[in-house]
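Since the structure comes first, as structure tokens, the remarks are kept for the end.
The values are calculated or read from the model by the stated rules, or taken from the named source; none is laboratory data. Small disclaimer: the values here were computed from a predicted structure and weren't measured. Neighbour counts run over all protein chains shown; Cβ positions are idealised from the backbone, glycine included. Please note that ligands, DNA and RNA were not included when accessible areas were found on the heavy atoms of the full protein model with its side chains. Shrake-Rupley method; radii C 1.70, N 1.55, O 1.52, S 1.80 Å.
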Amino acid sequence: MSILITGGAGYIGAHIVRLLQERGERVVVVDDLSGGDARRVAGAPVVRVDLASDGARAALRAVIAEHRVTSIVHFAARKQVGESVAHPEAYFRDNVSSLAAVVGAAADTGVARFVFSSSAAVYGTPAASPVSETAPPSPINPYGETKLAGEWLMRDAATAYGLDAISLRYFNVAGAGWDDLGDPAPLNLVTIAIDRIRQGLAPVILGDDYDTPDGTGVRDYIHVLDLAEAHLHALAAVGEERGRHRVYNVGTGRGSSVREVLDRLEEAARSGLEPIVEPRRPGDPPAVVADPELIAEELGWRATRSLDDMVASAWRASEHRAQTVR
Ligand code: UD1
């Protein structure tokens, strides 16, 4: 019996793989290795499959049979908002069609336990913050649309094929659970700021004139290890009721401003570089914070790690990467 992790060689997926391995679970990773790195999941079988290809569903059926898969966690996806605006076709193909192949293979083989990586991007610009799962989804870019479409597919597949599925809406994920598993891609505040500091450049604050306590944008930053643990709770909670699909926010319920994040980062990095302020990035909401109560009540999961832990661990992972790459 094993757990299939698509996108398991990626930043978030590799954390879940390692946590599961530490708990003695068997895992099998399916990844096209376009963004992932097989070295992150040493010890786990990695099967290279392009989930958007014609043969994906059959290839997955074979993996499920060979490894006696009983649960699936689907991470494999693209996640860059700007890129999704420029290339919506690629996002619908890789985030929705690929999910359809995985869901189809689950239906073909009778695998009912399914956890899907969704995103707070489904909320778009929430009317109120903290935002709860009852807020109407209203994505403002193709990336968010593909995640919402993915949730709809999970809901419909649960009904049609008797899955017991959970979609987890991630807020702003950062940090590293292990030094070798940091996020190498400078695509969000923490990783962009680290990347700049490592080049001797000051981090950038995109707007300090928001209606927030210090004028900078507020987000709900969640430690990747807390997020990984939320998946363990989700995996434990699926399988008993066929035809069910549940959706949960995965955040801390605490908002942190860009300035706070950069202050914490400077404590770790000691770069002496003062952040510089640039104009707002178009489309950025002032504040997006999760209401995390539903998952606490129903699955018994809460985030426990601090912003300090998160930012310091991200910095340590970047040091580790700099040493190993050289
Ligand atoms: C990102 C995604 C969003 C997703 C969310 C949670 C983008 C554009 N959006 O949101 O779809 O739902 O994660 O997964 O990728 N900032 C700076 N300086 C920088 C970079 C960012 O000040 O160099 C600020 C932004 O203005 C924002 C905050 O930092 O206030 C966080 O930005 P970012 O890490 O890009 O994530 P979000 O835009 O919140």
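Here are some notes:
- Within the range 172-227, the residues that satisfy the criterion of being open to solvent by 50 Å² or more (accessible area, probe 1.4 Å), in contact with a helix residue (DSSP H, G or I) (Cβ under 9 Å, 6 or more places away or on another chain), away from the ligand (no atom under 11 Å from the Cβ) and not charged (D, E, K, R) are Trp178, Pro184.
- Here is the figure for the range 228-273: residues that are of a type in the set (Val, Ile, Thr), open to solvent by 30 Å² or more (accessible area, probe 1.4 Å) and within 14 Å of the ligand (Cβ to nearest atom) total 0.
- Scanning the range 6-20 for residues that are more than 13 Å from the chain's Cα centre (by Cα) and under 20 Å from Val111 (Cβ atoms) gives Val17, Leu20.
Okay, residues lined up against (1) over 14 Å from Thr6 (Cα atoms); (2) crowded, with 21+ Cβ neighbours inside 10 Å; (3) of a type in the set (A, V, I, L, M):
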site	(1), (2), (3)
Asp50	no, no, no
Ala58	yes, no, yes
Val69	no, yes, yes
Gln80	yes, no, no
Asn95	no, yes, no
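- Check on Gly162, within 9 Å of the ligand (Cβ to nearest atom), modelled with pLDDT of 95 or more and open to solvent by less than 20 Å² (accessible area, probe 1.4 Å): no
- Of all residues in the range 288-306, exactly one satisfies the criterion of being within 25 Å of Asp195 (Cβ to Cβ) and within 13 Å of the ligand (Cβ to nearest atom), namely Val288.
- Taken over the range 85-123, the criterion of being farther than 23 Å from Leu33 by Cα, under 20 Å from the mean Cα position of the chain (by Cα) and away from the ligand (no atom under 16 Å from the Cβ) is satisfied by Arg113 alone.
- In the range 124-156, the residue that is farthest from the ligand (Cβ to nearest atom) out of those that are in a loop (DSSP other than H, G, I, E, B) and among the polar types (S, T, N, Q) is Thr134.
- Taking (1) out of contact with any Phe, Trp or Tyr (no Cβ under 8 Å at 6 or more places or on another chain); (2) assigned to a helix (DSSP H, G or I); (3) over 16 Å from Val29 (Cα atoms); (4) away from the ligand (no atom under 16 Å from the Cβ) in turn, Asp54 satisfies each apart from (2).
- Among all positions in the range 124-134, there is no residue which is without any contact (Cβ under 8 Å) to a residue 40 or more places away in the chain and of a type in the set (D, E, K, R).
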